[in-house]
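Single-structure report; data block below.
The values are calculated or read from the model by the stated rules, or taken from the named source; none is laboratory data. These numbers come from a predicted model, not from an experiment. Don't worry about glycine lacking a Cβ; one is built from the backbone with ideal geometry, like all the others, and counts go over all protein chains shown. Surface accessibility is based on the protein's heavy atoms, side chains included, excluding ligands, DNA and RNA. Shrake-Rupley method; radii C 1.70, N 1.55, O 1.52, S 1.80 Å.
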Amino acid sequence: MKDDLSILIVDDAKDTLFILEKALSKEGFKVYVSDNVINAIDIIKKNTINIIISDINMPEINGLDFLFWIQENSPKTKVILITSLPFEEIQSFVTKSSIAYFEKPIKPKELIKYINDNFVSKSFYGDIKSIGILDLLKILIASGKKKLIQIFHNNKEGKMYIKNGNIIHAEFNNVSGEVAFYNIIRIKNGSFKELVWEEPEIITIDKPFSELLIQANKILTSEDVSNKILVVDDDRMTVLIIEKYLKEKGFNVTGVNSAAEAIELLKKENFGFIISDINMPEINGLELLIWIREFSPNSKVIMITALNSEDLKNFATSKGVVGYFNKPVALKELEEFIKAKKEDGKFEGSILEINLIQFIEMLVISNNSGIIKVFDPIKNKKGEIYIKEGKIVHAQIDNKEGEEAYYEIIRLKSGIFNDDKWSEPEYYTIFSNAHELLKISNEINDSNISSENKSLVKSRSKVVQKALDKKKDLEKFLSEKNELKKLTIYVSGVALGIVIGKTTKFEAIQQLKKFSKSDLDSQISNKMIIADDITVSVLFNDNDIVEEMVFGKNYRGSTEEGIQIGDTLEKVILTYGKPKVCTIRGAVWDNMAFFSNDNRTVSSIKIRNANYFDSSPNIFKIDTKIKG
């Protein structure tokens, strides 16, 4: 889920922070912002940050220095660099040191698409037919996601609330907290479904899941009664025959001759199976069944009878009977049925988001057998992974088989999968150790980046080495960055080393020569000096002191707040707030104005003396009032 992904945006341009924070938060991500690197480092130390979106051109500590700090101190954090630098060499350098590069003005939709494609978990919808309740909880806990699971068992239901890797609340059969949790893990059979997450009204469990798991395993070990069988029949011979046969097969069997005796015994002991006749005096088998369902719900009941009645059979089945045998009982069939049902202590249900690798890992660690069937409806791919007693023995997808097919399935990002009962494949194609396969699978999963972008991902050591190898590139970058900083248009009325109201015409020309190759000396007698190649115009007053500067389409710099030619007027207003004057032609503040040729994007920027526009007789009238 997106709210599980934490993103930190670092940029000294407040408009960029505002726009990206708003767009990413609206998309559902957890977003932090900082306008300086020092504060950003503090945020990283206090929070788990998955992605950092950082500008390169920042004061004090620049984005590249910050990048190297991240690689050294938080190597698992992915970095996306953004900058207004339009140099291919710079792009080449930064993409080798980060996972992506976006040029300003950044388009939030493109950034969001990149993050969604490469970082948002596209888990599978799991339709699970057979899983132990603890195995299910382990998978849900390992996902790290918030999960609300509803449990169903014998017309009773409960809920488990999972958040931040722990169970924070449980409820079942009118009890809550740890008692409800331990009651749920005792259930051998049932069903479940995932509900849309909602916070519980109260948190009733404060122990970490690891502690709950230790206690749960102790309870299940001490209460394992799957091998204990109670035989109930008023026919003593039937009891003796069944008891003798099943004891020889290794079962712990107790026989009684009435339902009343059975009830007294069940009040003291738990049994995995109860084999009961239907036609008995005083309390018949169906009445006993109803009592068992209420007071010994975890026992599996098998009914035996000499009466061949479909109505009786249907009634018994409706009350949760797992088996129905006619007398005389076929003992071998009864034995095989009990063995099969003994292993059938599983839940079935569906999970909205489940990690395929974690499910495979659960089958491997538990030494289970099964077939995992995977379907990706987007790519229209179907695959199967065969696991036998904890070993991955075969995989197939399209025309591929073996390990190649296994990793092809692992790389599928989303879809539907279900588990099926084990059946032998035609032949085995995988002979590698299952744990080694899972290790590689997790490496593929942890990268969480599409194959097209893998070439851009570098380990911490490689990033540092690349930086050393590219020292000249870095020096060149820093030099060009400093030059770009000189192109900043300051609200105080300073740009290119020229100060409005102070710099003389001669001084202005000397400063412009540092940035422009235009013939400026020939313009010394003009009221306005124009540097065509960088599209800068400087206007002088009658005393040849700089009065106004205008920056046009080829100007590479930006304002202190990051606004540059080509940005939208909407972005300008979001950055500087409500203007003094606004028309479809542009917007004006105290001593700075932005104009547009197409009524949408900035085509020129003008700076004058402070508050000049308040008294200017040439100021244009308001055509459009800005909202807010």
Practice task
Compute the FRET efficiency between T583 and W197 as 1/(1 + (r/R0)^6), taking r as their Cβ-Cβ distance and R0 = 30 Å, and round to the nearest 0.05.
Solution key: 0.05
Problem - Helix-only mean residue ellipticity at 222 nm for the chain, each DSSP H run of n ≥ 4 adding -39500 (n - 2.57), per residue, nearest 500 - result: -10500 deg cm²/dmol
Problem - Principal axis dimensions, largest first and in whole angstrom, of segment 112-267 by Cα - result: 75, 32, 28
Exercise for the section: First check a/c for segment 229-340, with a ≥ b ≥ c the square roots of the eigenvalues of its C-alpha gyration tensor; if it is under 1.5, answer rounded, and if not, answer prolate when a/b is larger than b/c or oblate otherwise. Expected result: rounded
Fill in the blank from the handout: Inter-part gap, Cα centre of segment 246-270 to Cα centre of segment 491-532, in whole angstrom, is 104 Å
Exercise for the section: Could you do me a favour and compute the accessible area per residue for the chain, 1.4 Å probe, result in Å²? Expected result: 50 Å²
Fill in the blank from the handout: Per its Cα gyration tensor (rounded if a/c is under 1.5, else prolate when a/b beats b/c, else oblate), segment 343-431 is best filed as oblate
Handout entry: Percent carbon-and-sulfur accessible area, the chain, ignoring ligands, DNA and RNA, probe 1.4 Å
Key = 49 percent
Practice task
Mind running the shape call on segment 226-277? Use the C-alpha gyration tensor, a ≥ b ≥ c as the square roots of the eigenvalues: rounded below 1.5 for a/c, prolate if a/b tops b/c, oblate otherwise.
Solution key: oblate
Problem - Selected from T83, M237, N154, residue furthest toward positive end of dipole (the chain; charges at beta carbon) - result: T83
Problem - Which label in [x] 28.9, 95; [y] 45.5, 142; [z] 36.6, 127 gives the computed Rg and Dmax of the Cα atoms in Å - result: [z]
Completion exercise
Computed from the beta carbon distance with a Förster radius of 25 Å, FRET efficiency for N164 and R411 to the nearest 0.05 stands at 0.30
Practice task
Give the distance, in whole Å, between the Cα centre of segment 548-607 and the Cα centre of segment 151-227.
Solution key: 60 Å
Practice task
Quick one, can you get me the convex hull of the C-alpha atoms of segment 555-604 expressed as volume per residue in Å³?
Solution key: 69 Å³
Handout entry: Charge dipole (debye, nearest 20) of the chain; +1 at Cβ of Lys and Arg, -1 at Cβ of Asp and Glu
Key = 1100 debye
Practice task
Quick one: which residues, 5 or more positions from L5 or on another chain, have an amide H under 5 Å from its amide H? H modelled 1.01 Å from N in the peptide plane, none for Pro or chain starts.
Solution key: K30
